[in-house]
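Engineer: Have a look at this one before I ask anything.
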Amino acid sequence: MKIFLKNQNKSERFTRLIVSLFLIPSPLIYNIDYFSIVQSIVGGVLLFNAVSGMCVIYRIFNVNTCEI
């Protein structure tokens, strides 16, 4: 069983990358509080999804949008 199977298509990966680039620097732009730190963590998860091509939630629900 492979751990990192790609289950996202290129448009999803690109969208997650763009959203993560807006969310990650939020503690630097806004005051450092709980909400901005949570936004940064969500941005980090989306960045991991965009780079690896694997979404854990898709894997749990057995969804595959990759065209392979």
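The values are calculated or read from the model by the stated rules, or taken from the named source; none is laboratory data. No experiment lies behind these values; they were computed from the predicted model shown. All Cβ positions, even for glycine, are placed from backbone atoms using ideal geometry, and neighbour counts span all protein chains on display.
Engineer: Taking the range 27-68 on its own, how many of its residues are in contact with a Phe, Trp or Tyr (Cβ under 8 Å, 6 or more places away or on another chain) and without any contact (Cβ under 8 Å) to a residue 24 or more places away in the chain?
Structural biologist: 1
Engineer: Let me ask something additional. Please verify whether residue 5 is modelled with pLDDT under 90 and either surrounded by fewer than 17 Cβ atoms within 10 Å (Cβ to Cβ) or not hydrophobic (A, V, I, L, M, F, W, C) (or both), treating the condition exactly as stated.
Structural biologist: Answer is yes for this residue.
Engineer: Any residue at all in the range 58-65 that's part of a helix (DSSP H, G or I), closer than 9 Å to residue 8 by Cβ, of a type in the set (Phe, Trp, Tyr) and out of contact with any Gly (no Cβ under 8 Å at 6 or more places or on another chain)?
Structural biologist: Yes - at least one qualifying residue is present in the range 58-65.
Engineer: Return the residue satisfying two criteria in turn: it lies in the range 24-39 and is part of a loop (DSSP other than H, G, I, E, B) and either hydroxyl-bearing (Ser, Thr, Tyr) or within 20 Å of the chain's Cα centre (by Cα) (or both), and of such residues it is surrounded by the most Cβ atoms within 10 Å (Cβ to Cβ).
Structural biologist: Here the residue is 24.
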